[in-house]
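The values are calculated or read from the model by the stated rules, or taken from the named source; none is laboratory data. Note that the structure is a prediction, hence the values are computed from the model and not measured. Cβ placement follows ideal geometry from the backbone for every residue including glycine, while neighbour counts extend to all protein chains displayed. Each accessible area value is taken on the protein alone, full model and side chains, heavy atoms only, with ligands, DNA and RNA left out. Shrake-Rupley method; radii C 1.70, N 1.55, O 1.52, S 1.80 Å.
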Amino acid sequence: MQKTAPSDLPAAGARVRKLLLDLHYGARSGHVGSALSCVEILTFLRLGCMSASDTLVLSKGHAASALYSTLAVAGEVQEDELRARYYKDGTLFSAHPPPNKISGIRFATGSLGHGPGIAVGLALGSKLRKQPDERVYCVVSDGELNEGSVWEAFAFSRHFKLDNLLFIVDRNNLQGFGRTSEVMDMSPLNEKLRAFGLAVTEADGHDFGSLAEAYESVSQAARNGSTAGIIVAATVKGRGMPGLADTVACHYVPMTEEVYGGALKLCGDAGDQG
Amino acid sequence: MRVEFAQTILEVATQDASVLFLTGDLGFMALEEVRDRLGERFINAGVAEQNMVSAAAGLAARDFKPIVYSIAPFATLRPYEQLRNDVCLHNLPVKVVGNGGGYGYGIMGSTHHALEDVGVMRTLPNMRVFVPAFGSDVAKCVRAMMAYSGPAYLRLGKSVPNFGLVTDASPWAPMRRVSQGSSLVVAAMGPVVEHVISLLPELPPGSVDLWSVGELSLSSLDGEFLRSAQEAGRVITVEEHYLAGGMAENMAPHLINACSGRLRFKNLFARGYPSGLYGSQRWHQDENALAGPGLLAALREMLGL
Ligand SMILES: [Mg+2]
């Protein structure tokens, strides 16, 4: 598994963004906002960080299109097959990822709060097998932090010293039916995470430089503290969608031609091609 | 059955280094030796069953065979969705062990009883459900469960003797004949079979064809059992479990197909808390006609006595 050079990550991210926009526009499917929110996070992890022995768990399974697209840009999923089959009857590329079928997707997710528990099991398994090179990455949404099972997993990761595990929170401040501060205010979030014993840092979740910096510092802090790391990545849900970015609606509504065209503008050269 | 269970786990874990034991902080006065001998392969996951099951799925994805242990309702109901999504949809070899099936926790009360565990576990894809009847079954069940490549549930109960009716040497089977008879077929799930055995001397010799059921779902019924049901025309089921999802419901389609129009099918099962009162396991079994006079009356009635 070849890592993408840091200087090439923005272009790769733009290709992922373009591909998932095409998929959603073609399928008239929802959850666009959730996928756009974590494009750079997934691109950074899969293309910039991971080696072949690493495992990624997308706990916010409703952003599956972003994961499929990332895997396509990484060459692990056939892009033409994804474009042809996404969201259609008789597909493997359902709106939430399926079990045991797609290379690069070890676990079916979609019910929130499951990924962190799976991730601590994977990380502990690597510890028990004495495989220090195996790392586990788990991407959770901020609404998902309402689930108690997430905090069970955080406690477990601290207790079992899982410094081979990194969580990333896609902190877009929105959840199913409102702003996180209004629905279920988890603030002060960083203090809560710190109180659970995790190594916490923040990043701009759309900026590869910021993510790389946070990754270095949190990995170091996790090793020093014998605990899991967590990056709270500030993101914008529906980033680039005209009139819909940072709204609850971008979780649900399919894109119009106008919104699709506007959202492509953030894709740079990749957008121009299509 | 905890003693037999712990002993077998020690044997299995010694033979297979991929066996892990996860507990939801239970095992006092039962699993100390397992903890001490397994070392880092014994994982106390704390009082957090949802995470324990998801973590077990992750560990299974690393080619371990994790056993997750708790009191039956906490092992099956609290983490039900984790079992469905993380374990069963991926067909991972996670083995769920619930102690105190049925009214096993007696006076501890209703929160600690498991009257629906078999039913809900049965609905899960790839899940095999084991309900050992006798103490001598436990080792066989554990070995069968660990040899299976997918997920399984083991319902542990009170350890009852097999009175020499089932040989310790015989291999594990989902259904086994315990005593032969020709007038009435009795199928009992798990350890309640002991109560039927204890009543046999009070019934006409050779009248009761008694079967012990130790595994669900029964995708088919034993051929001998079906022949016996056809000939007797009378089957009674006894299970420490709600009717919904239990053994009787599981048997019914097979019996309907085999004995259409010529069968009396009576079901004894856990009705919960009919009086609204609580007591020992035996007290609840008596109240639900799963033991004692109520069970005897039902057997006699089915025999036309
Ligand atoms: Mg959110």
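Counting only other residues whose beta carbon sits under 15 Å from that of A:Arg106, what net charge do I get with K and R as +1, D and E as -1?
Working: positive: A:Arg46, A:Lys101, A:Arg135, B:Arg62; negative: A:Asp54, A:Glu76, A:Glu134, B:Asp63, B:Asp86.
Neighbourhood net charge equals -1.
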Shape metrics for the range B:2-155, restricted to C-alpha atoms - Rg then Dmax, Å: 13.9, 40
Inter-label distance, nm, simple model (7 Å from Cα along the C-beta direction), A:Lys265/A:Asp133: 4.6
Neighbour cut-off at most 15 other Cβ (10 Å), DSSP loop, trypsin sites (Lys or Arg not before Pro), the range A:16-99: A:Arg28, A:Lys88
Signed unit charges on C-beta, dipole axis of chain B, positive-most listed residue B:Gly100, B:Asn162, B:Gly246: B:Gly246
Accessible area expressed per residue, the range B:2-155, with surrounding protein chains retained (probe 1.4 Å, Å²): 32
Net charge over other residues, Cβ less than 14 angstrom from the Cβ of B:Pro293 (K, R count +1; D, E count -1): -2
Using alpha-carbon coordinates, inclination of helix A:115-128 to the longest axis of chain A, degrees: 50
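So if R0 is 35 Å, what FRET efficiency would A:His159 and B:Leu165 give, r being the distance between their Cβ atoms, rounded to the nearest 0.05?
On the way: r = 47 Å, r/R0 = 1.35.
Once the sixth-power term is evaluated, E becomes 0.15.
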Histogram of C-alpha separations across the protein assembly as shown, 20 Å bin width, %: 20, 43, 27, 9, 0
Per residue Cα convex hull volume in Å³ - calculated over the range B:1-55: 79
Relative contact order %, chain B, counting alpha carbon pairs below 8 Å whose residues are six or more apart: 15
For the range B:175-302, radius of gyration divided by Kirkwood radius, i.e. Rg to Rh on alpha-carbons: 0.95
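Give me the mean projected area, in nm² to one decimal, of the convex hull enclosing the Cα positions of the range A:123-208. List each step's numbers first, then the result.
Values: hull surface 25.0 nm².
With the hull built on Cα positions only, its mean projection is 6.2 nm².
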More than 20 angstrom apart: percent of Cα pairs within the range A:1-130: 42
P(r) histogram, all alpha-carbon pairs of the range A:63-150 included - 5 Å bins from 0, percent: 3, 13, 20, 21, 17, 15, 8, 3, 0
Accessible surface of the range B:2-155 [probe 1.4 Å, protein heavy atoms]: carbon and sulfur percent: 53
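Averaged across the residues of B:96-105, what count of C-beta atoms belonging to other chains lies within 10 Å of each residue's C-beta?
Values: counts 0, 0, 0, 0, 0, 0, 0, 0, 0, 0.
Per residue, the average neighbour count from other chains is 0.
Out of every Cα pair in the range A:183-225, what percent are spaced more than 15 Å from each other? Don't skip to the end; give the middle numbers.
Working: 464 of 903 pairs.
Of all Cα-Cα distances in the range A:183-225, 51 percent exceed 15 Å.
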Separation between Cα centres of the range A:73-124 and the range A:1-62, rounded to whole Å: 12
Stretch gain in nm, segment B:Asp63-B:Leu26, where the contour uses 0.36 nm per residue and the Cα spacing is subtracted: 10.8 nm
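Can you divide the C-alpha Rg of the range A:142-254 by 2.2 N^0.38 Å and report the result to two decimal places?
On the way: Rg = 14.9 Å, N = 113, 2.2 N^0.38 = 13.3 Å.
Dividing the Cα Rg of the range A:142-254 by 2.2 N^0.38 Å gives 1.12.
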Over the range B:104-263: Rg over Rh, Cα atoms, Kirkwood Rh: 0.95
Cut-off 13 Å between beta-carbons: net charge of the residues surrounding A:Val16, Lys and Arg +1, Asp and Glu -1: 0
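So which trypsin sites (Lys or Arg not before Pro) in the range A:105-162 pass both tests, a DSSP loop state and at most 12 other Cβ atoms within 10 Å of the Cβ? Don't jump to the answer; show the numbers that get you there.
On the way: sites: A:Arg106, A:Lys127, A:Arg129, A:Lys130, A:Arg135, A:Arg158, A:Lys161; in loops: A:Arg106, A:Arg129, A:Lys130, A:Arg135, A:Lys161.
Here the trypsin sites (Lys or Arg not before Pro) that fit, given the DSSP loop and packing criteria, are A:Lys130.
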Rounded accessible area per residue of the range B:175-302, 1.4 Å, Å²: 39
Approximate spin-label separation B:Val47-B:Asp16, in nm, with each point projected 7 Å along Cα-to-Cβ: 3.2
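Consider all pairwise Cα distances in chain A and report the whole-number % of them above 30 Å. Walk me through the numbers on the way to the answer.
Numbers: 8414 of 37401 pairs.
Taking all Cα-Cα pairs of chain A, the fraction more than 30 Å apart is 22 percent.
Using only DSSP helix segments of four residues or longer, with each worth -39500 (n - 2.57), what per-residue ellipticity at 222 nm results for the protein assembly as shown after dividing by its residue count and rounding to 500? Show your work: numbers first, answer last.
On the way: 23 runs with 219 residues, N = 579.
Dividing the helical sum by the residues of the protein assembly as shown leaves -11000 deg cm²/dmol.
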Between the range B:35-61 and the range B:174-230, the Cα center-to-center distance that results, in Å: 38
Estimated FRET transfer efficiency (A:Glu81, B:Tyr278; beta-carbon r; R0 45 Å; 0.05): 0.15
Cα principal axis extents for chain B, largest first, Å: 59, 39, 34
Cβ-Cβ FRET estimate between B:Ala173 and A:Met186, R0 fixed at 41 Å, reported to 0.05: 0.20
Cα centroid separation, the range A:207-274 to the range B:273-304 (Å): 62
